[in-house]
1. Let me confirm something: among 139, 176, which residue is under 30 Å from residue 327 (Cα atoms), open to solvent by 50 Å² or more (accessible area, probe 1.4 Å) and either out of contact with any Lys or Arg (no Cβ under 8 Å at 6 or more places or on another chain) or of a type in the set (S, T, N, Q) (or both)?
2. Could you check how many residues of segment 68-87 are open to solvent by 60 Å² or more (accessible area, probe 1.4 Å) and either touching a helix residue (DSSP H, G or I) at 6+ places or on another chain (Cβ under 7 Å) or under 13 Å from residue 111 (Cβ atoms) (or both)?
3. Can you tell me how many residues within segment 88-98 are under 30 Å from residue 304 (Cβ atoms) and open to solvent by 10 Å² or more (accessible area, probe 1.4 Å)?
4. Looking only at residues in segment 156-180 that are without any contact (Cβ under 8 Å) to a residue 60 or more places away in the chain and part of a helix (DSSP H, G or I), which one is farthest from residue 108 (Cα to Cα)?
5. Given (1) within 21 Å of residue 218 (Cβ to Cβ); (2) modelled with pLDDT of 90 or more; (3) open to solvent by 10 Å² or more (accessible area, probe 1.4 Å), where does residue 320 come up short, assuming only one miss?
6. Being assigned to a loop (DSSP other than H, G, I, E, B) and touching a residue at least 60 places away in the same chain (Cβ under 8 Å) is the requirement here; does residue 252 meet it?
7. In segment 211-226, which residues are farther than 24 Å from residue 313 by Cβ, open to solvent by 60 Å² or more (accessible area, probe 1.4 Å) and either touching a residue at least 40 places away in the same chain (Cβ under 8 Å) or of a type in the set (Gly, Ala, Ser) (or both)?
Amino acid sequence: MNTAAVIKRILRQFRRDKRSAALMIAAPLLVLTLMWLVLDTDEAAVEIAAVGVPDHVVESIETEGMTVTVMEEQEAEEDLDRAEIDGMLQLEDGVPVLTLEGSDPNTSGAVRSKLQKQLSEQSSPIEWEYWNGSSELGLFDYVGPALIGFFVFFFVFIVGGVSFLRERTQGTLERLLASPIRRSEVVFGYLGGFGLFTIAQSVIIAAYSIYVLDVFMAGNFLYVLLVTILMALTALSLGTLVSAFAGNEFQMIQFIPLVIVPQVFFSGLFPTEGLAEWVQVVGNLMPLTYGAETLRDIMLRGASWESFQMEIFILIGFTALFTALNIIALKKHRPL
C-alpha cells in the first residue's frame, strides 16, 4: 500500500509538471532526429583543384568520389585559404605534387588514397605538401578546437543557469528587485559577477588544451582566448535566460537536450557538408557553430583577424540579444 501511495504521488507530480513530462518525450526524439540527419548522409566527395595539369590527367583522376576543377594557381590558393577545396594538384618537372588543405586528417587521408590509386599506374610517385597542418596532425588535433568551444559553452551554461536559478528560488533575486534598482542593472551585475569566473575558466581550459594536451596550434593564442571568452559570455547570458523559464534545478537540466545537444551537431564534431540546406540554416542560428568554427580556423589554419572578425561580431550580437531578453524576462518579477 505504501508503495502504491508513492507511485500515485509521483504520477500526480508529473501531471502537475507538464513541462517535465513533455521534455522527457520531446528531447530524446529531437536528439535522435538530429543524429539521423547528421549521420544518415552520403559521404561527401573530395574536391581538388588542378593547376597546369593536362586534360587527359584530369579526366583520369576524376572519379565518383572525387571532383576535379581546373583553376589558376592564385584562385586555387585562395580556395585553400578558405578551406573550400581539399587539395591542389600541380605538375612540377613532370612530377605530380598535391598540396593538401590539411586541417582535417580524415579528408587528407581520403584524398591521398584516392589520388595515389588513380595516378600510381600513370606517372611517377606523388609528392605531398600541406597548406595547413602537417602529416602528424591527428584526429584529436582536428576535433580539439570544437571540444574546447563545447566544454566552455556547456559548463558555463550549466553553472550560470543553475546559479541564477538558485538566486531566484532562494528569494535573493526578489529581495534585490524590491530595492530601487533597475532590471538592467540586476542583469548586468549578475553577468559581470559570473562573467569574471567564466573568463578565468575559459583561459584555463584553452591554455591547458594547447600547452598541456598539445593540441595543434597554428594561430595566435590571444585570438583563441578572445573567442573562448566571448563564447563563455554568450553561454552565460543564454543560461541565465533559460533559467527564467525553469522552476527548479531539475527543469534547468532538462533544457540541456533542447539547447546544448542540438548545437553539438553543428559545432564541427560531425560533418555537415552533405546536409540539407535548411538543416545548415538551423545550424547558423546557433552560437556554438560560430565559436567552434572560428577556433578551428585560428588553431588549425592560423587565421588572421580579417578572416574571422564577422564571427566575433556575431557572438557579440548573440550575447547582446540574450542579455536584452534577460532584462525582458525579469518583467514577470517586477515590471519596472
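The values are calculated or read from the model by the stated rules, or taken from the named source; none is laboratory data. Since the model is a prediction, treat every value here as computed from it, not as a measurement. With ideal geometry, Cβ positions are generated from the backbone for all residues, glycine too; neighbour counts draw on all protein chains shown. Note: accessible area is taken over every heavy atom of the protein model, side chains too, but ligands, DNA and RNA are not part of it. Shrake-Rupley method; radii C 1.70, N 1.55, O 1.52, S 1.80 Å.
1. Step by step, each of 139, 176 is checked, and only 176 is under 30 Å from residue 327 (Cα atoms), open to solvent by 50 Å² or more (accessible area, probe 1.4 Å) and either out of contact with any Lys or Arg (no Cβ under 8 Å at 6 or more places or on another chain) or of a type in the set (S, T, N, Q) (or both).
2. 1
3. Residues flagged as under 30 Å from residue 304 (Cβ atoms) and open to solvent by 10 Å² or more (accessible area, probe 1.4 Å) within segment 88-98 amount to 2.
4. 175
5. Failed condition: (1).
6. No, not satisfied.
7. Within segment 211-226, just 213 meets the criteria.
A quick yes/no check of all residues on (1) touching a Lys or Arg at 6+ places or on another chain (Cβ under 6 Å); (2) surrounded by fewer than 15 Cβ atoms within 10 Å (Cβ to Cβ); (3) among the basic types (Lys, Arg); (4) over 17 Å from residue 322 (Cα atoms):
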site	(1), (2), (3), (4)
183	no, no, yes, no
191	no, no, no, no
200	no, yes, no, yes
209	no, no, no, yes
238	no, no, no, no
270	no, no, no, yes
